[in-house]
Amino acid sequence: MTVQAIRLFGDPVLRTPADAVVDFDKQLRKLVKNLIDTMLDEGGAGLAAPQIGVGLRVFAFDVDDVVGHLVNPLLEFPDEEEQEGPEGCLSIPGLYYDTVRRQNVIAKGFNEYGDPMQIVGTGLMSRCIQHETDHLDGVLFLDRLDAETRKQAMKDIRAAEWYDDGLQVKVSPHDSQGCFL
């Protein structure tokens, strides 16, 4: 098993847009394995490379017993339907807030060997794909919360046992209210 440490809220890597993968090599396959092993060990539904300190556009997912990954994802939304429900993050452990996401998504990208692939997601899979792709863009799900809920989330984070107030915390430069990739 190749479980990696998960970067927590406040780590600048979580606010830095990831670079596109250009080399589909042994190192990429090792990264994918590390992501999957770490995600499964932590019991998460998804994990993006920046969450383990790697600034590449790769994420892993485990939704409804489907475990996989996607490299260089591009999202399309086939309709305007939305869902609202609890969302959390391995980089913000133990905290969950109702978050609005699109109900349906089509994610296009590549597998670890560079073969094109597509994932059609609805419900939880759609939420996971959007959440992890946000990570690749330096966006946290907190940025998608309404102002009042975000204020409460920040209060909860500062009170969390894991929070390190020595880390530099920045507000997202993205105007992500109601914005979908």
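The values are calculated or read from the model by the stated rules, or taken from the named source; none is laboratory data. Values in this document were obtained by computation on a predicted structure and should not be read as measured data. Note that we place each Cβ from the backbone using ideal geometry, even for glycine, and neighbour counts take in every protein chain shown. What goes into the accessible areas is simple: the full protein's heavy atoms, side chains included, and nothing from ligands, DNA or RNA. Shrake-Rupley method; radii C 1.70, N 1.55, O 1.52, S 1.80 Å.
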Exercise for the section: Roll a 1.4 Å probe over the protein heavy atoms and report the accessible area of residue 122 in Å², nearest 10. Expected result: 80 Å²
Exercise for the section: Name the most mobile residue of 39, 117, 125, meaning the one with the largest mean-square fluctuation, in a Gaussian network model of the chain with Cα contacts below 10 Å. Expected result: 117
Practice task
Give the Rg/Rh ratio for the chain, taking Rg as the radius of gyration of the Cα atoms and Rh as the Kirkwood radius, to two decimals.
Solution key: 0.94
Completion exercise
Per GNM of the chain with C-alpha springs under 10 angstrom, the most fluctuating residue out of 27, 51, 118 is 27
Exercise for the section: Would you mind working out the magnitude of the charge dipole of the chain relative to its Cα centre, with +1 at each Lys and Arg C-beta and -1 at each Asp and Glu C-beta, to the nearest 20 Debye? Expected result: 500 debye
Handout entry: Calculated [θ] (222 nm, deg cm²/dmol) that DSSP helices of n ≥ 4 give over the chain, each run adding -39,500 (n - 2.57)
Key = -7500 deg cm²/dmol
Practice task
Among the aspartates and glutamates, select those whose C-alpha is under 20 Å from the C-alpha of residue 30, and discard any that sit fewer than 8 residues away in the same chain.
Solution key: 19, 41, 42, 62, 112, 115, 132
